[in-house]
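The values are calculated or read from the model by the stated rules, or taken from the named source; none is laboratory data. Note that the coordinates shown come from a computational prediction; the quantities given were computed from them, not determined experimentally. Every residue, glycine among them, receives a Cβ derived from its backbone with ideal geometry; neighbour counts consider all protein chains shown.
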Amino acid sequence: MAALQRLPGIGAKSAQRLAYHVLKTPREDVDALCDAMRSVKENITYCSICSNMTAVDPCTFCISPDRDPRIICVVEQPENVAAIEKTRGFKGRYHVLMGAISPLQGIGPDDLKIRTLLMRIAESDAAATSVKEVILATNPTVEGEATALYLARLLKPLGLSVTRIAMGMPVGGDIDYTDEFTMSKAMEGRREM
């Protein structure tokens with residue numbers, strides 16, 4: 001149970017439920033689960049260009065001719081790439097920071113993939129596909145905002161368009177149930193109709 005409890009989002013009760021479920025499950029199903037987990041660890045790696053999870057290196061986003069190399073969307077974690085891809089609206093490339101600046105947790109800029117982002121931009125200037133825009137798609141948390149501000153200060157002097165994803169009211173949301181931070185961001189991000 002202790003091993004299950006180390007998984008993210010799994011507390012003591014959930015770990016107990018999972019342990020009992022595994023005990024009741026046929027041996028071949030448990031073996032298949034173990035094999036699948038082993039396969040993930042053996043076959044999935046991080047892209048040498050963008051740091052996204054991939055089975056091939058470089059990843060399909062980095063080598064796809066259908067992706068615009070002049071636009072890079074910066075996210076905190078690989079799972080953020082999957083969330084953006086679900087929209088089917090972004091056709092640029094990605095850069096995964098592998099975290100956010102968090103002094104309280106001892107995570108500074110040097111602990112993130114910021115240096116590799118700057119190298120990508122510099123290398124693109126030498127090539128014919130110079131990066132024109134960097135979209136900062138970090139989470140709307142204190143750490144995400146601090147990371148976005150830090151990156152904006154680094155990138156703007158390079159002459160790039162540095163944009164931030166819009167934040168605010170979710171579609172179908174109710175103003176009465178919106179917290180102050182979300183409402184503030186919604187008001188800041190308003191646009192002409």
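Selection over segment 61-84 of residues that are exposed (fewer than 13 other Cβ atoms within 10 Å of the Cβ) and within 15 Å of Thr138 (Cα to Cα) gives a count of 3. Does Val81 meet the test of being in the same structural domain as Glu143 (by TED's automatic domain parsing) and either part of a helix (DSSP H, G or I) or touching a helix residue (DSSP H, G or I) at 6+ places or on another chain (Cβ under 6 Å) (or both)? It is true that Val81 is in the same structural domain as Glu143 (by TED's automatic domain parsing) and either part of a helix (DSSP H, G or I) or touching a helix residue (DSSP H, G or I) at 6+ places or on another chain (Cβ under 6 Å) (or both). Does segment 125-144 contain any residue that is surrounded by fewer than 20 Cβ atoms within 10 Å (Cβ to Cβ), modelled with pLDDT of 95 or more and in contact with a helix residue (DSSP H, G or I) (Cβ under 8 Å, 6 or more places away or on another chain)? Checked against the condition, which is being surrounded by fewer than 20 Cβ atoms within 10 Å (Cβ to Cβ), modelled with pLDDT of 95 or more and in contact with a helix residue (DSSP H, G or I) (Cβ under 8 Å, 6 or more places away or on another chain), segment 125-144 yields no hits at all. In segment 166-193, the residues that are in contact (Cβ under 8 Å) with a residue 24 or more places away in the chain reach residues that are part of a helix (DSSP H, G or I) with C-beta atoms within less than 7 angstrom, at least six apart or across chains, in these pairs: Met167/Lys185.
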